[in-house]
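Colleague: One structure, as structure tokens, below. Some questions next.
The values are calculated or read from the model by the stated rules, or taken from the named source; none is laboratory data. All values derive from a computational prediction rather than experimental measurement. Every residue, glycine as well, gets a Cβ built from its backbone with ideal geometry; the counts of neighbours run over all protein chains shown.
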Amino acid sequence: MAAAIKTQNLAPVKLIRNVPKEEYYLPGHRTCAGCGPALQYKLVAKAAGPNTIFLGPTGCMYVANASYLCTPYAVPWMHTQITNGGAVASGIEAAYKVLLRKGKREGEFPNIIVMAGDGGSVDIGLQAMSAMMYRGHDALFICYDNEAYANTGIQTSPTTPYGGNTTFTPPGSAIPEGKTLFPKDPPQLVIGAHPAVKYVATASIAYPVDLINKVRKALNVVGPTFLHIHCPCPKGWGFDEAKTVEVARLAIETGMWNMYEWDNGEYRYQFKPKKYKPVREYLKLQNRFAHLSDAHIAKLQAFVDAKVKAKPVPVEAAVPKAN
Ligand SMILES: Cc1ncc(C[n+]2csc(CCOP(=O)(O)OP(=O)(O)O)c2C)c(N)n1
Ligand code: SF4
Ligand SMILES: [Mg+2]
């Protein structure tokens, strides 16, 4: 791989009023009212700015945003298969470097961002995402997590929480809790298995300035980076569409979602509550958990308690040199 040609330094923003006014993800698309993934897209696009190429694996953020030649993107955007967002990003990155080297393109290397759902990141799209991370391509892979295969009818995915009612995990007399498995951990999957990765972070639509700054930090890194962004989905989770931000904030306040950065081996935490609220506070706003018994909720609470008390495992891996 040729040496990266990147000199940009996207500056952090301090306050919400310093966030750029320019939009690169425009209104007028067809996502549901209160859609968490759409809100994060708008914030990510603002953070990245005009020199950006988005890749959109199949999912709500492709299907609801791109119908009959009409899209909300004010920067280049390309649909990829749900399986291959990471592979397409790798190809674009490699091709762009060749164009720059041969003098067929001028200017700053672009921000290459894969905007994939949880299915397109850590389930159906896992092999291509992992290969992009492993080979060390200069691209940001975002998993916008609405905790389901939403676009095809709210089926369970590996990030659906324990107890979630989805169309593939309906609660009934045989399996009263709905989903019986606990979720995959996307950031730890990326950190633990990809020596070329230097920056990984979690973010939430509840904290837009933090989200924007993490996107910028990731884009300033030369090499592969990963963001896991919590994006409540009113349709799939069954809550009032005016409560998207409230639900996202409660996820953090109860420990269901944890905010941190992993920066070249060092962990830093954000918005860690001094005292966590009971997970019940988060569950009660959402119909997908309405069937849970006290015993099921206690099982989920025990999982969250263990998670928030656990110490992160430091990963010290050799970073391969670019050719
Ligand atoms: C190989 C393949 N399998 C299944 C599908 C059908 N499919 C299209 S979108 C989608 C859901 C994607 O879920 P996710 O990546 O989480 O994005 P979301 O819809 O939740 O935004 C599925 C299963 C497909 N397009 N390609
Ligand atoms: S189903 Fe969920 S993720 Fe999909 S457009 Fe509607 S609110 Fe957004
Ligand atoms: Mg999804």
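Colleague: For residues that are hydrophobic (A, V, I, L, M, F, W, C) and away from ligand 2 (no atom under 16 Å from the Cβ), scanning just region 159-178, find the one that is surrounded by the fewest Cβ atoms within 10 Å (Cβ to Cβ). Working first, answer last.
Modeller: Restricting attention to region 159-178, the residues satisfying the condition of being hydrophobic (A, V, I, L, M, F, W, C) are 168, 174-175.
Filter again for away from ligand 2 (no atom under 16 Å from the Cβ), leaving 174-175.
Numbers: A174: 5, I175: 11.
Here the answer is A174.
Colleague: Run down S121, S67, S90 and say which single residue is under 19 Å from V221 (Cβ atoms), out of contact with any strand residue (DSSP E or B) (no Cβ under 6 Å at 6 or more places or on another chain) and hydroxyl-bearing (S, T, Y). Steps first, please.
Modeller: Working: S121 fails: out of contact with any strand residue (DSSP E or B) (no Cβ under 6 Å at 6 or more places or on another chain); S67 fails: under 19 Å from V221 (Cβ atoms).
Exactly one of S121, S67, S90 is under 19 Å from V221 (Cβ atoms), out of contact with any strand residue (DSSP E or B) (no Cβ under 6 Å at 6 or more places or on another chain) and hydroxyl-bearing (S, T, Y), namely S90.
Colleague: Another question about this same structure. D123: in contact (Cβ under 8 Å) with a residue 12 or more places away in the chain, within 16 Å of ligand 3 (Cβ to nearest atom) and surrounded by fewer than 24 Cβ atoms within 10 Å (Cβ to Cβ), yes or no? Walk me through it before giving the result.
Modeller: Numbers: in contact (Cβ under 8 Å) with a residue 12 or more places away in the chain: yes; within 16 Å of ligand 3 (Cβ to nearest atom): yes; surrounded by fewer than 24 Cβ atoms within 10 Å (Cβ to Cβ): yes.
Answer is yes for this residue.
Colleague: Here is a further query. Given the residues F271, F303, which is the only one that is at positive phi and outside any strand (DSSP E or B)? Step through it out loud before you land on a result.
Modeller: Values: F303 fails: at positive phi.
Of the residues listed, the single one that is at positive phi and outside any strand (DSSP E or B) is F271.
Colleague: Also, I was wondering about something else. For the structure I just gave you, tell me whether N165 is modelled with pLDDT of 95 or more, touching a Cys at 6+ places or on another chain (Cβ under 6 Å) and not in a helix (DSSP H, G or I).
Modeller: Values: modelled with pLDDT of 95 or more: yes; touching a Cys at 6+ places or on another chain (Cβ under 6 Å): no; not in a helix (DSSP H, G or I): yes.
Against the criterion (modelled with pLDDT of 95 or more, touching a Cys at 6+ places or on another chain (Cβ under 6 Å) and not in a helix (DSSP H, G or I)), N165 does not qualify.
Colleague: Separate question: Checking the condition farther than 22 Å from R30 by Cα, without any contact (Cβ under 8 Å) to a residue 40 or more places away in the chain and small (G, A, S), which residue from G103, G86 passes?
Modeller: Answer to the selection: G103.
Colleague: Tell me, yes or no, whether region 232-241 has at least one residue that is closer than 30 Å to I92 by Cα and free of Cβ contacts under 8 Å to residues at least 60 places away in the same chain.
Modeller: Checked against the condition, which is being closer than 30 Å to I92 by Cα and free of Cβ contacts under 8 Å to residues at least 60 places away in the same chain, region 232-241 yields no hits at all.
Colleague: So in region 129-158, with the set limited to residues that are in contact (Cβ under 8 Å) with a residue 12 or more places away in the chain, within 13 Å of ligand 2 (Cβ to nearest atom) and assigned to a loop (DSSP other than H, G, I, E, B), which one is surrounded by the most Cβ atoms within 10 Å (Cβ to Cβ)?
Modeller: Step by step, filter region 129-158, then rank; the result is N146.
Colleague: Here's something else I'd like to know. Consider R17 carefully, then state whether it is surrounded by fewer than 16 Cβ atoms within 10 Å (Cβ to Cβ) and outside any loop (DSSP other than H, G, I, E, B). Give the derivation first.
Modeller: On the way: surrounded by fewer than 16 Cβ atoms within 10 Å (Cβ to Cβ): yes; outside any loop (DSSP other than H, G, I, E, B): yes.
For R17, the condition - surrounded by fewer than 16 Cβ atoms within 10 Å (Cβ to Cβ) and outside any loop (DSSP other than H, G, I, E, B) - is met.
Colleague: May I pose another question? Could you list, in sequence order, the residues of region 64-118 that are within 16 Å of ligand 1 (Cβ to nearest atom), among the hydroxyl-bearing types (S, T, Y) and assigned to a loop (DSSP other than H, G, I, E, B)?
Modeller: Listed by number, the residues that qualify are T71, T83.
Colleague: Checking the structure you have, find out if any residue of region 92-101 is within 20 Å of V190 (Cα to Cα), modelled with pLDDT of 95 or more and more than 14 Å from ligand 3 (Cβ to nearest atom). Reasoning before the result, please.
Modeller: Residues of region 92-101 that are within 20 Å of V190 (Cα to Cα), as a first pass: 93.
Adding the requirement that they be modelled with pLDDT of 95 or more leaves 93.
If we keep only those that are more than 14 Å from ligand 3 (Cβ to nearest atom) too, we end up with 93.
Yes, region 92-101 contains at least one residue that is within 20 Å of V190 (Cα to Cα), modelled with pLDDT of 95 or more and more than 14 Å from ligand 3 (Cβ to nearest atom).
Colleague: A further question follows. Working only within region 137-155, note down all residues that are more than 7 Å from ligand 3 (Cβ to nearest atom) and of a type in the set (A, V, I, L, M).
Modeller: Answer for region 137-155, where residues must be more than 7 Å from ligand 3 (Cβ to nearest atom) and of a type in the set (A, V, I, L, M): A139, L140, I142, I154.
Conditions tested, residue by residue: (1) closer than 21 Å to E147 by Cα; (2) of a type in the set (F, W, Y).
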position	(1), (2)
S204	yes, no
L211	yes, no
K217	no, no
K243	yes, no
E246	yes, no
W262	no, yes
Y276	no, yes
A302	yes, no
K311	no, no
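Colleague: Please enumerate the residues belonging to region 242-268 that are part of a helix (DSSP H, G or I) and either among the aliphatic types (A, V, I, L, M) or within 16 Å of ligand 1 (Cβ to nearest atom) (or both). It would help to see each step written out before you state the result.
Modeller: Within region 242-268, the subset part of a helix (DSSP H, G or I) is 242-253.
Matches in region 242-268: A242, T244, V245, V247, A248, L250, A251, I252.
Colleague: What are the pairs with Cβ atoms under 7 angstrom where one residue, in region 258-276, is more than 16 Å from V247 (Cα to Cα) and the other, located anywhere, is assigned to a strand (DSSP E or B) and of a type in the set (S, T, N, Q)? Sequence gap at least six, or different chains.
Modeller: Taking only residues 6 or more apart or on different chains, the pairs are Y260/T202.
Colleague: Being assigned to a strand (DSSP E or B) and within 12 Å of ligand 1 (Cβ to nearest atom) is the filter here, so list the residues in region 50-63 that pass it.
Modeller: Residues of region 50-63 that are assigned to a strand (DSSP E or B), as a first pass: 52-57.
Once the filter is applied, which keeps residues that are assigned to a strand (DSSP E or B) and within 12 Å of ligand 1 (Cβ to nearest atom), region 50-63 yields G56, P57.
Colleague: Assess whether V215 counts as being more than 16 Å from ligand 2 (Cβ to nearest atom), among the β-branched types (V, I, T), in contact with a Leu (Cβ under 8 Å, 6 or more places away or on another chain) and at negative phi. Full working, then the answer.
Modeller: On the way: more than 16 Å from ligand 2 (Cβ to nearest atom): yes; among the β-branched types (V, I, T): yes; in contact with a Leu (Cβ under 8 Å, 6 or more places away or on another chain): yes; at negative phi: yes.
When the stated conditions are applied, V215 passes them.
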